[in-house]
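Here is the structure we will look at.
Derivation of every value follows stated rules applied to the coordinates shown; laboratory data play no part. Every value quoted in this text rests on a predicted model; they were computed, and no experiment measured them. Cβ: placed from backbone, ideal geometry, glycine included. Neighbour counts: every protein chain shown.
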Amino acid sequence: MMNDVMIRSLEETIFVNTLRAARNPENLLECGTPNWNFVDADAYMDTINDPRYDRADVEENFYNLFDGVCFAVDKALEAA
């Protein structure tokens, strides 16, 4: 089980991976907005393969954190 510090670290990692995936031209729709299905897949794979985290912890917590992270990433993209 992850403590609060570990959860926060995982959330920050998911944010970085999601932002990178959302900026990847391969993950953009023709209108220029992110295809969130592709962003989800890339961010998940990058996070699950991060050696800093136990795979089971990522599997348990990724989607609990992902929706909030997507909201923050969307705001970051709008501000850019």
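Using a cutoff of 8 angstrom between alpha carbon atoms and counting only pairs six or more residues apart, the relative contact order for the chain works out to 37 percent. Structure remark: mean-square fluctuation, Gaussian network model of the chain, C-alpha springs under 10 Å; the largest value among ALA56, ALA43, ALA21 belongs to ALA56. Shown in residue order for segment 14-30 are the 3J(HN,Hα) couplings computed by the Karplus curve 6.51 cos²θ - 1.76 cosθ + 1.60 at θ = phi - 60°: 4, 4, 4, 5, 6, 4, 4, 5, 5, 8, 6, x, 5, 9, 9, 6, 4 Hz (x for Gly and Pro). Loop-located trypsin sites (Lys or Arg not before Pro) across the chain with a Cβ neighbour count of 12 or fewer within 10 Å are ARG52, with loop assigned by DSSP. The label point for LEU77 and the one for ASN37, both projected 7 Å from the Cα toward the Cβ, are 1.5 nm apart. For log10 I(q)/I(0) by the Debye sum over Cα atoms at q = 0.12, 0.16, 0.23, 0.27 Å⁻¹, which listed value, (i) -0.72, -0.86, -1.04, -1.22; (ii) -0.32, -0.55, -1.03, -1.32; (iii) -0.63, -0.93, -1.18, -1.21, comes from the coordinates shown? Read-out from the structure maps to (ii).
The modelled label-to-label distance for the pair ASN3/TYR63, using points 7 Å beyond Cα in the direction of Cβ, is 2.9 nm.
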